[in-house]
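The values are calculated or read from the model by the stated rules, or taken from the named source; none is laboratory data. Since the structure is predicted, the reported quantities are computational estimates derived from the model, not experimental observations. Every residue, glycine among them, receives a Cβ derived from its backbone with ideal geometry; neighbour counts consider all protein chains shown. Accessible surface areas use protein heavy atoms only, side chains included; no ligands, DNA or RNA. Shrake-Rupley method; radii C 1.70, N 1.55, O 1.52, S 1.80 Å.
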Amino acid sequence: MVAFALLLTSGVQHPVRLTASATALVLGGLILATQFFGRSRRSDGRRRLAWLLFTGCVLIGALSNLLSVDTGRTIRAAANLALLVALGVGVMGFAVFPLARRRGTDLLRMVLDGIVIGGCFLLFGSSVFFPALLNAEPSAPAPTVLLIPVFDVVIATFATLLVVRSSPAERPVLALTAVGFCGYAVSDFAYAAIVAQGRLFQFGSLVDLGWITGYVLVALAFANPGTRVASSDAPSVEVEVSAVPGTVVVVTLFLVAATLTASVALSGRLGLPYAVVWLAVLLAMVARQIALIVDNETLRRTLERRVLDRNRSLRQVTQQSDLLVNSVGDGIYGVDETGLVTFVNPAAAQALGCTARELIGRPAHAVFHGNRPDGTPYPVESCYITEAIRDAVVTNAEEDTYLRADGREIPVEVTATPLLEAGRAPLGAVVVFRDVTQRREVDRLKSEFVSMVSHELRTPLTAIRGSLGLVSGGALGPLTPPATRMVDIALSSTDRLTRLINDILDIERMESGVIPLDIADHTAQSLVDAAVAQLLVLAGEARVKVVTDVQGRVRTDADRAVQTLINVVGNAIKFSNPGGTVLVVARQRGAFVTFDVADRGRGIPEDKLDQIFARFEQVDSSDSREKGGSGLGLAISRSIVERLGGRISAVNNAGGGSTFTFTLPATPGGADEPADPGAAPGHVLAEPGHVLAPPEPELAEPEPELAEPDPGPAEPAHHDSLGLADRSGP
Ligand code: ADP
């Protein structure tokens, strides 16, 4: 473009400039026509039609340029006509280009914008560039020539409207196209002005620069690979286009036009046609602003009405949920992420013997939780509210005690649900609790009844067991083989019945709290060793090896803790496949030691993971027949663990089998003590034929299915890195 400007202004001979200009224009027109056509092939709907019309526009324009080279009058008239047709087709192209869909007043505003923009262009063209044109003697130019600038103004107006109303993604390419057309229009304007003055137009002057600039800019719009124009009507129609660019452009143009008009008026050159155009621009501008104000006002009212409607329905929803929370019989309170009470429903306030106002803002854990049976306060880390917020899981406590304002304790059943918002840490929790005093009383009576019956059953059972033992031992003389078989069956059934009755008595005593606890400090290793020692026979029969990796010290009742370990590890052995491995890992985490017992057995259906801790619950009814047991072991374990101040849960491992996890309070300060000498990592305790054997080479490297190879004894293989599931449940 710069080279061309230099060429056109240089002293090079006119015929050379003419040929160069005309060739560039015709070639430019053809190249652009190819690009527009290519674009139309890649578009559909109205967009395709628009690009096709642009193709036609530049082709006819190029033809007109070609004809303009000739100086004959008839050919010149044909060239003018061709230019007019080209511009008309261009106008149609802009007219069909799809814009964001408009509402009624918006459409009116667009028309008014068009008048303001078009009028301003007309005023610029005539006052700045070619004053002769607008105030020209009516006799001078032919009507076709006068129409050319009008069409140019329309094209420039459409182009500007299209740019300000297109979506931001389309704007760069459309802006370049539009400015290109504007450049084109300027040259047309000059051409018309020259012809209107009765002079002969010839290529090779600066006038050509507008056309050439037009071609170059439009070609640039297409050459830039970053500019992407939507190929179908749909996307840009849906895009909400801001009214701001339109207003900025219109007001700027208007202000410039006003300044120009003032200077024209001051210089005394203000003719009638100019004044008429200015008046039209002024009126359109005023009307546009009024339309804008009306539109804004309507929008404001609609918005206000909508906000009011929304508020009303919100209030209704709030009232409904308030009603619900206030009428429900269960106590409900909310806590924020730090555990401070944020709301309390009337049932909760009544159950706790105070008003909601007294509770709000106080720490829920400290206010509601009674002490442990041994009088020590419950640690806040093991509080289900803390867990719900920290781990973002729903937590339950069936055996909790709440402290009323009058100091009385009430047994409660509690569920804490974290308040979750997508992608954020829990905002707090909602806690629902129910006073279970009456249910506990019924349970107590039932337990008393069961234990009385069990006691009554145990006495005759002992006599039966003794007699059968004597008979089987031959005290009454030798037995025939069938009689021996019968007596053996009777003996084993009596043993099972005795175990069942013992279990029932155990659980009743544990839950009624009559068993005194002997709390003392122990190493986790000693407890695990004691439990595994009792399971050696079972492990041998099942051909399952037990691998332990235990650290930490616990403050607990050793007998009860061992009983729990026997239940859990015993189950893991029972439900492992022959040749399998059970892994027992203990680690101190905060104020607790966590025991994980993992197996690679059949696993537990997800919906039973919680249920199996209830009494007489078994995954399969055939379990009691095939594996022995009554479905009481885990219920007893849970009673024990909760009484000892811990929690127990089960999850399935990603690669099969399940992991049972329970916690026991750690010895305060015990984490720093050196590990038990016997607690070597990967310590193999039970294996068929091996009792407390040191790790054999084969065993030192845990089974691939259960564990990855341990890099060395210095770093005990923690179960998380062994391919077993992390604890994810409450
Ligand atoms: P039981 O005396 O029947 O073993 P428990 O209360 O100890 O009673 O266990 C209840 C049920 O939970 C078992 O019958 C079994 O179905 C299931 N279960 C317990 N531990 C495991 C385990 N490690 N793998 C698979 N299922 C298990």
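Are there any pairs, at least 6 apart or on different chains, whose C-beta atoms fall under 9 Å, with the first in the range 1-21 and open to solvent by less than 70 Å² (accessible area, probe 1.4 Å) and the second modelled with pLDDT under 75 and part of a helix (DSSP H, G or I), and if so, which?
Pairs found: Arg17/Leu7; Arg17/Leu8; Ala20/Phe4; Ala20/Leu7; Ala20/Leu8; Ser21/Phe4; Ser21/Leu7; Ser21/Leu8.
Can you pull out every residue in the range 309-366 that is within 26 Å of Val436 (Cβ to Cβ), over 30 Å from the mean Cα position of the chain (by Cα) and of a type in the set (Gly, Ala, Ser)?
Ser327, Gly329, Gly331, Ala347, Ala348, Ala349, Ala351, Gly353, Ala356, Ala364, Ala366
Okay, residues lined up against (1) open to solvent by less than 60 Å² (accessible area, probe 1.4 Å); (2) in contact with a Lys or Arg (Cβ under 7 Å, 6 or more places away or on another chain); (3) farther than 26 Å from Pro411 by Cβ:
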| residue | (1), (2), (3) |
| --- | --- |
| Leu283 | no, no, yes |
| Ala291 | yes, yes, yes |
| Leu314 | no, no, yes |
| Gln319 | no, no, yes |
| Ala351 | yes, no, no |
| Thr355 | no, no, no |
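Table: residues versus (1) within 16 Å of the ligand (Cβ to nearest atom); (2) closer than 18 Å to Leu644 by Cβ; (3) among the basic types (Lys, Arg).
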position: Asp529; (1), (2), (3): no, no, no
position: Ala533; (1), (2), (3): no, no, no
position: Ala539; (1), (2), (3): yes, no, no
position: Val550; (1), (2), (3): no, yes, no
position: Ala558; (1), (2), (3): no, yes, no
position: Ile566; (1), (2), (3): yes, yes, no
position: Val569; (1), (2), (3): yes, yes, no
position: Ala572; (1), (2), (3): yes, no, no
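Would you check which residues across the range 634-649 are among the β-branched types (Val, Ile, Thr) and more than 12 Å from the ligand (Cβ to nearest atom) and list them?
Pass one, the range 634-649, residues among the β-branched types (Val, Ile, Thr): 636, 640-641, 648.
Correct list: Ile640, Val641.
Select from the range 220-243 the residues that are open to solvent by 30 Å² or more (accessible area, probe 1.4 Å) and in a helix (DSSP H, G or I) and write down the one among them that is modelled with the highest pLDDT.
Leu220
Sort through Ile385, Ile389, Ile410 and tell me the only one that's under 35 Å from the mean Cα position of the chain (by Cα) and farther than 17 Å from Phe592 by Cβ. I'd like the intermediate steps shown before the answer.
On the way: Ile385 fails: farther than 17 Å from Phe592 by Cβ; Ile410 fails: under 35 Å from the mean Cα position of the chain (by Cα).
Selected residue: Ile389, the only one of Ile385, Ile389, Ile410 that is under 35 Å from the mean Cα position of the chain (by Cα) and farther than 17 Å from Phe592 by Cβ.
Return a yes/no flag: does the range 609-617 have any residue that is more than 25 Å from Ser493 (Cβ to Cβ) and either of a type in the set (D, E, K, R) or touching a strand residue (DSSP E or B) at 6+ places or on another chain (Cβ under 6 Å) (or both).
yes
Check Thr376, Thr401 and return the single one that is modelled with pLDDT under 90 and within 24 Å of Phe613 (Cα to Cα).
Details: Thr376 fails: within 24 Å of Phe613 (Cα to Cα).
None of the other options fit; the residue is Thr401.
Is at least one residue of the range 505-520 acidic (Asp, Glu), open to solvent by less than 40 Å² (accessible area, probe 1.4 Å) and either touching a helix residue (DSSP H, G or I) at 6+ places or on another chain (Cβ under 7 Å) or more than 30 Å from Val328 (Cβ to Cβ) (or both)? Can you show your working first?
Restricting attention to the range 505-520, the residues satisfying the condition of being acidic (Asp, Glu) are 506, 508, 511, 518.
Filter once more, so that each one left must be open to solvent by less than 40 Å² (accessible area, probe 1.4 Å): 506, 508.
So of that shortlist, the ones also either touching a helix residue (DSSP H, G or I) at 6+ places or on another chain (Cβ under 7 Å) or more than 30 Å from Val328 (Cβ to Cβ) (or both) come out as 506, 508.
Yes, that holds for at least one residue.
Pairs only if they're at least six apart or on different chains, beta carbon under 7 angstrom, first in the range 460-486 and over 26 Å from Ile501 (Cβ atoms), second open to solvent by 70 Å² or more (accessible area, probe 1.4 Å); list them, first residue then second.
Partner pairs satisfying both residue conditions: Leu476/Leu470.
Taking interchain pairs and intrachain pairs at least six residues apart, which have beta carbon atoms under 6 angstrom, with the first residue in the range 44-70 and more than 12 Å from Ala33 (Cα to Cα) and the second part of a helix (DSSP H, G or I) and among the hydroxyl-bearing types (Ser, Thr, Tyr)?
What qualifies is Arg48/Ser40.
So is Arg615 within 12 Å of the ligand (Cβ to nearest atom), part of a helix (DSSP H, G or I), within 21 Å of Ser447 (Cα to Cα) and among the charged types (D, E, K, R) or not? Reasoning before the result, please.
Working: within 12 Å of the ligand (Cβ to nearest atom): yes; part of a helix (DSSP H, G or I): no; within 21 Å of Ser447 (Cα to Cα): yes; among the charged types (D, E, K, R): yes.
No; evaluated as a whole, the condition is false for this residue.
Going by the conditions given, is Val597 touching a residue at least 60 places away in the same chain (Cβ under 8 Å) and away from the ligand (no atom under 12 Å from the Cβ)? Talk me through it step by step, then tell me what you get.
Details: touching a residue at least 60 places away in the same chain (Cβ under 8 Å): yes; away from the ligand (no atom under 12 Å from the Cβ): no.
For Val597, the condition - touching a residue at least 60 places away in the same chain (Cβ under 8 Å) and away from the ligand (no atom under 12 Å from the Cβ) - is not met.
Just give me the residues in the range 305-353 being over 28 Å from Cys383 (Cα atoms) and among the acidic types (Asp, Glu), in sequence order. Break it down into steps so the answer makes sense when it comes.
Filtering the range 305-353 down to residues over 28 Å from Cys383 (Cα atoms) leaves 305-320, 323.
Result: Asp309, single match.
If the requirement is being farther than 18 Å from Asp529 by Cα and within 10 Å of the ligand (Cβ to nearest atom), which of these qualifies: Gly631, Gly579? Let's see the steps before the verdict.
Values: Gly579 fails: within 10 Å of the ligand (Cβ to nearest atom).
Within the list Gly631, Gly579, the selection yields Gly631.
Evaluate the following for Leu497: is it surrounded by 15 or more Cβ atoms within 10 Å (Cβ to Cβ) and within 20 Å of Gly631 (Cα to Cα)? Give the derivation first.
Numbers: surrounded by 15 or more Cβ atoms within 10 Å (Cβ to Cβ): yes; within 20 Å of Gly631 (Cα to Cα): yes.
When the stated conditions are applied, Leu497 passes them.
So, in the range 92-102, of the ones that are surrounded by fewer than 17 Cβ atoms within 10 Å (Cβ to Cβ) and outside any loop (DSSP other than H, G, I, E, B), which residue ends up modelled with the lowest pLDDT?
Restricting to residues being surrounded by fewer than 17 Cβ atoms within 10 Å (Cβ to Cβ) and outside any loop (DSSP other than H, G, I, E, B), the top hit is Ala95.
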